[in-house]
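Taken together, the values in this text are just the output of simple stated rules run on the coordinates, not laboratory data. The structure presented is a predicted model; accordingly, all values stated were derived computationally and were not measured. Don't worry about glycine lacking a Cβ; one is built from the backbone with ideal geometry, like all the others, and counts go over all protein chains shown.
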Amino acid sequence: MIIDAHAHIFREVKGQTISGPTRSIGYGRIRRGNRGEVQLLPPLCEHTTFPPEVLLAYMDWVGVDKAVLLQGPLYGEANALVSEAVTRWPDRFIGAGYVDPRAKDARTMFHVCVDDYGFGVIKLELSEDAGLVGLHPDLRLDEPEMAWLWEEAERRKLVVTLDLGSIGTKSYQTDAVRMILVRHPSLRIVIAHLGHPPADQGEDESLTRLWHDQLLLARDHQVWFDLAALPLYGLDPDYPYAAAREHIRLAVDMIGADRLMWGTDVPGLLSHATYQQLLDFVARHCDFLSQEDLEKVLSVNACQVYGSAGTSLG
């Protein structure tokens with residue numbers, strides 16, 4: 001079995017980031033506020049869309065069995081679409097709900113996600129560039145106004161998936177995550193993109209220390225990391241992505257393969273690599289992984305983490 005622990009679907013881009021509204025404008029392009037036109041996807045289709053049927057076709061093409069459907073402000077809230085996909089293909093998808101904790105109806109959104117749609121996962125995209133800290137510059141995960149969310153997530157045995165953005169930015173709140181985990185010891189958290197490793201290990205030791213500090217959360221708490229978009233975070237952008245593989249090797253040395261989950265971040269990554277390459281750079285080229293560890297990274301860990309959040313990944 002192979003599980004993509006980080007994927008997205010949308011019928012149109014209709015979100016909001018620090019740059020302004022995001023909208024599909026065709027042939028893989030979107031309009032992104034004051035940034036103007038951005039090529040988000042390859043220009044394969046007239047309409048800039050990535051519905052569940054297309055993701056399934058990619059998964060079938062390369063042999064991926066299941067995918068976790070995450071959300072974020074860039075693409076726009078798609079709780080109904082994700083719920084529809086999970087309901088229609090329950091053996092292929094697990095859905096994560098979208099909640100803006102600063103929205104006036106945040107608690108209502110939470111209950112719709114968990115009680116009405118039955119999501120066992122909540123995704124919070126924090127990054128300044130494309131996430132909640134860009135929309136709410138003073139947002140802190142450990143602020144008193146968010147205490148209810150962590151209490152509910154722990155009580156309901158939910159998984160919370162976080163994208164903490166780039167090292168050194170206001171969204172990179174390792175200390176806040178650590179405090180939350182101390183207060184809620186049974187809470188399970190997945191951090192996306194392997195904590196956004198610095199491009200050049202050793203070039204800026206302070207950034208490397210910050211990255212290591214975040215990885216070490218997994219030693220003392222119920223924390224896992226997905227490997228989505230790693231080919232973007234390195235000095236070697238060419239397949240099979242030597243820099244990305246080195247980041248994975250370092251993470252395995254520090255926290256073990258038990259805490260890592262393969263993921264891609266499609267469809268955005270399809271402008272940089274094929275879906276097959278995003279699988280193969282781990283499945284075929286991480287030769288430092290034993291067969292047992294490779295199975296953990298490709299499926300076992302995701303089954304254990306997301307499959308125990310009221311889902312059917314087993």
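Each stretch of four or more DSSP H residues adds -39500 (n - 2.57); spread over every residue of the chain, this sum gives -8500 deg cm²/dmol at 222 nm. Measuring between alpha carbons in the structure, the pairs from LYS66/LYS170; LYS14/LYS296; LYS157/LYS296; LYS104/LYS170 lying more than 31 angstrom apart are LYS66/LYS170; LYS14/LYS296. For the pair segment 128-192 / segment 240-314, the C-alpha centres are spaced 23 Å from each other.
Taking the beta-carbon count within 10 Å as an exposure proxy, list PHE110, PHE93 from fewest neighbours to most.
The fewest-first ordering by Cβ neighbours comes to PHE110, PHE93.
When PHE288, PHE50 are ordered from fewest to most other Cβ atoms inside 10 Å of their Cβ, what list results?
Details: PHE288 14, PHE50 26.
Ranking PHE288, PHE50 by Cβ neighbours within 10 Å, fewest first, gives PHE288, PHE50.
Stokes-Einstein diffusion for segment 134-257 at 10 °C, viscosity 1.306 mPa s, with a Kirkwood radius from C-alpha pairs, works out to 104 µm²/s. For the listed peptides 247-256, 223-232, a ranking on the average number of other beta carbons within 10 Å per residue, highest first, reads 223-232, 247-256.
Under 8 Å for C-alpha pairs, at least 6 residues apart: give me the relative contact order for segment 197-295, rounded to a whole percent. All intermediate terms of the calculation are to be shown ahead of the outcome.
Values: 92 pairs, mean separation 27.4, N = 99.
It comes to 28 percent, rounded to a whole number.
Remark on LYS14: its backbone amide H falls under 5 Å from those of GLY76, a criterion applied only to residues 5 or more positions apart or on other chains, H modelled at 1.01 Å from N.
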